[in-house]
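Just below is one structure, and these are the notes that go with it.
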Amino acid sequence: MQSAWPANLATRFHGVFPGMTAALLGWANRLLPGPGGIGRQSRKGHESFSRWSPSWLTTLTEQAAAQNNEVR
């Protein structure tokens with residue numbers, strides 16, 4: 001079984017610093033891509049591409065997917 005210590009730490013951090021947690025989550029939200037692309041249409045994950053994927057950042061994930069026969 002995996003440890004849940006990251007979730008416990010985040011919960012405790014939010015309990016002690018709720019304002020800072022909100023500020024950090026707001027900052028993280030600004031890093032996410034905005035709306036656009038295909039609009040309200042849906043696509044499977046393997047049909048999604050961006051400037052980040054595929055790239056050198058996703059090389060290890062792509063290799064693991066190939067090793068685990070998870071590539072279409």
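Computed from the coordinates by the stated procedures, all read-outs in this text should not be read as laboratory data. Keep in mind that this is a model prediction, so the values were computed, not measured. We place every Cβ from the backbone using ideal geometry, glycine too, and count neighbours over all the protein chains shown.
The stretch between LEU24 and SER55 holds 8.5 nm of extra length on full extension. This uses 0.36 nm per residue minus the Cα-Cα distance.
Applied to the stretch 52-62, the Karplus parametrisation 6.51 cos²θ - 1.76 cosθ + 1.60 on θ = phi - 60° returns per-residue 3J(HN,Hα) values of 8, 9, x, 7, 5, 5, 9, 4, 5, 5, 5 Hz, with x for Gly and Pro.
Projecting the Cα positions of THR21, THR59, GLY39 onto the charge dipole of the stretch 4-72 (unit charges on Cβ atoms of Lys, Arg, Asp and Glu, taken about the Cα centre) puts GLY39 furthest along the positive direction. Among the listed options (1) 130; (2) 167; (3) 112, the one matching volume of the Cα convex hull per residue in Å³ as calculated from these coordinates is (2). Against the chain, whose longest principal axis is taken from its Cα atoms, helix 5-16 shows a tilt of about 40°.
For the pair LYS44 and GLU70, label points projected 7 Å from Cα toward Cβ lie 1.5 nm apart.
Here the stretch 16-72 is assigned +1 on the Cβ of each Lys and Arg and -1 on the Cβ of each Asp and Glu. Its dipole about the Cα centre then comes out at about 240 debye.
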